[in-house]
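Take a look at the structure below.
Every read-out reported here was derived from the displayed coordinates using simple, explicitly stated rules and does not represent laboratory data. Everything quoted here is computed from the prediction, not taken from an experiment. A quick note on method: Cβ atoms are made from the backbone with ideal geometry, for glycine too, and the neighbour counts reach across all protein chains shown.
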Amino acid sequence: MAVETVRKPYVRQRSAWWWTKNPRYVLFQFRELSSVFVVLYAFLVLWQLWALRGGSDAYYAFLVMWYSRPMMALNAVILAFAILHSVTWFALTAKVPLFRIKGRPPPAALVIGASLAIWVALSLLIVKLLYGGF
Amino acid sequence: MAAAEVDRVTPMFWGLFSAGGFVVAFLLPVFIFMNSLAYGLHVVPWEKVEYGGALRWIRGDPATALLGSTLGWLGGWLPKLFLVLIIGGGLFHGLHRFKYVLYDVGLHRAKKVLDPILYGIAAAGTVAAVVLAFSFP
Amino acid sequence: MADRGTKMIKLRISRYRPERSGEPFDQEFTIPYRDDMVVLDALNYIKDHIDPTLTYRWSCRMGICGSCGANVDGTPKLTCALYLRDLKKRPVLIEPLANFAVLKDLVVDIEPFMEKLEAAKPYIIRKDERPIERGEYRQTPEELELYRQQSLCINCMLCYSACPVYGHDEKFLGPAASALALRYELDSRDQGSEERLAAVATEHGIWQCTFVGECSVVCPKHVDPAGAIQQLKALAATRLMKAMLLPLAPR
């Protein structure tokens, strides 16, 4: 008895919500979303510089907007995403050995730790050097 | 699989994305805090953020004073360089990453249109940052 | 079938029978289970005692052949290495590996994966081929250590199932093939770096990777394909920079 061969590969469609199924995918999406806030802040600073060029009155108007409650809230959100970027970036770059110790790539935990330490030190240095401290 | 052409453009933008990623990771959080939140949280006084204070900041007064007589000339350059790094690095980093966000939601067929637009915005923003920042004394 | 007092477990298995129905459907099975059973044991129990038409791939039962991969509760796993006792949800959901076309039940079409492996030129390329009388190309243990991690891949395709980029771009070279490319890039006997990098640094090659990192999480052999792709990117980018800055320099 001849048996007919049936080969019908079934291609499944991916749901638009695929990333909600796994917490690591969620973190990934937030990490990628941080780019929107980084770009937004770059434009806000360009706007700030433009206002500063405009003279005393223009900059005062900018500052009234800048320190309004909604803007403070937005900037806090941007800061949260910037910190998310920093932490995830150090975790990512630790995966790419830029140098080797005794022929072996340095352990990721060491690279992440060093990155965090440099980050904190550099931030304090900037506060001191560029802003003259608090 | 047919041999595809080597992509010679993406590596350059990936390089800028990576360099920008480091700049943003190390410099942006402290800048956002000092520039946007510190005054509102009463960490720095009004004199530092109002018009005159902002002009003194971009002129590099605190850095010049700290660096002393030999390195003082560097002080005027530091804030401007800092701004250009953050804006340029942020744009080339962020827009490259955002491109892949758009790819993921189904726009990867629009690569030929997306790439020039996004990298064009990054380049224009970086030029604007250089021009604006260095227009101050 | 089961003695009274035997523990039972319910599994929900995705079925696809191209000769009968156009769409996959779920079917539930309740079977007796012991704490030492892996998911593959459950599948074998069903095939032996309940439904002989259930179709899935397996061979070695010891995590080395790479053929028994399936998505269990949404995560790509080797079914031979996953204990039922470690699964929290009931029923246990077993589906074919994501991102691949389904041929029957848990069997997916591996043809696209085979093409990708081939595209990465996974073999030693020599510019100066030695005559066979001169013996093998020798290598020190240290030189072996450089690529040992990437050489441990068993081609189980869990990484492709975990990769969201492959999920939306079926042309993407993907994790395992990229890791394999790096394995030969790092091999001291290989002289085909230029050719191989050119093959993987394409539009749908390594540059599509957004470093989600899930491939490295699900890899049963700790090959770390995600790290491998970033290393390839760095290699390709620096080589391109050198070529642009020093157009006359020998590469």
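Between the beta carbons of A:Ile101 and C:Arg90, assuming R0 = 56 Å, the FRET efficiency works out to 0.75 to the nearest 0.05. Think of it as helices only: each DSSP H run of n ≥ 4 in the protein assembly as shown is worth -39500 (n - 2.57), and spread over all residues that comes to -17000 deg cm²/dmol at 222 nm. Placing unit charges on the Cβ atoms only, positive for Lys and Arg and negative for Asp and Glu, gives the protein assembly as shown a dipole magnitude near 480 debye about its Cα centre.
Could you pull out the pairs from C:Lys121/C:Lys221; A:Lys95/C:Lys77; A:Lys95/C:Lys88; C:Lys127/C:Lys233; A:Lys102/C:Lys221; C:Lys116/C:Lys233 whose alpha carbons sit more than 29 Å apart here? Don't jump to the answer; show the numbers that get you there.
Details: C:Lys121/C:Lys221 21 Å; A:Lys95/C:Lys77 23 Å; A:Lys95/C:Lys88 31 Å; C:Lys127/C:Lys233 24 Å; A:Lys102/C:Lys221 24 Å; C:Lys116/C:Lys233 18 Å.
Table pairs above 29 Å Cα-Cα are A:Lys95/C:Lys88.
At the listed q of 0.11 Å⁻¹, the Debye profile of the stretch C:133-251, built from one uniform point per Cα, gives log10 I(q)/I(0) equal to -0.40. Applying 1/(1 + (r/R0)^6) with R0 = 56 Å to the Cβ-Cβ distance of B:Arg56 and C:Asp109 gives a FRET efficiency near 0.25.
Tell me which DSSP H helices of chain A clear both cut-offs, 18 Å or more of axial length from alpha-carbon atoms and a mean Kyte-Doolittle hydropathy of at least -1.0.
Numbers: long enough: A:23-53 (45 Å, 0.99); A:69-93 (36 Å, 1.40); A:108-131 (33 Å, 2.23).
Taking the DSSP H segments of chain A (at least 18 Å long, mean hydropathy at least -1.0), we get A:23-53, A:69-93, A:108-131.
Evaluating kT/(6 pi eta Rh) at 20 °C and 1.002 mPa s, with the Kirkwood radius of the protein assembly as shown over Cα pairs in the Stokes-Einstein relation, gives 81 µm² s⁻¹. Using every pair of distinct Cα positions in chain A, the Kirkwood expression returns a hydrodynamic radius of 19.7 angstrom.
Sort the following peptides by mean Cβ neighbour count (other Cβ atoms within 10 Å, averaged over residues), highest first: B:58-66, C:46-54.
Values: B:58-66: 19.1, C:46-54: 13.2.
Most protected by this proxy first, the peptides run B:58-66, C:46-54.
What the Cα convex hull of the stretch C:157-225 gives, in volume per residue, is 78 Å³.
Quick note on the stretch B:12-133: its Rg to Rh ratio, both from C-alpha atoms and Rh being the Kirkwood radius, is 1.08.
Shielding of peptide C:166-177 by partners, expressed as the average count of other chain Cβ atoms within 10 Å per residue Cβ, is 2. Treating each Cα of the stretch A:1-54 as an identical point scatterer and summing with the Debye formula, the log10 of I(q)/I(0) at q = 0.18, 0.20 Å⁻¹ comes to -0.78, -0.83. Compute the label zone of C:Asp35 within the stretch C:77-105: residues whose backbone N is under 12 Å from the point 7 Å along Cα-to-Cβ. Inside the label zone: C:85-86.
Give, as a single signed number, the net charge of other residues whose beta carbon lies under 13 Å from the beta carbon of C:Asp41, with Lys and Arg counted +1 and Asp and Glu -1. Write down the numbers at each step before the final one.
On the way: positive: C:Arg34, C:Lys47, C:Arg61, C:Arg85; negative: C:Asp35, C:Asp36, C:Asp48.
Once all neighbours under 13 Å are counted, the net charge is +1.
P(r) tail for chain C: Cα pairs beyond 21 Å make up 63% of the total. Pairs of Cα atoms nearer than 8 Å and 6+ residues apart set the relative contact order; for the stretch B:12-133 it is 31 percent.
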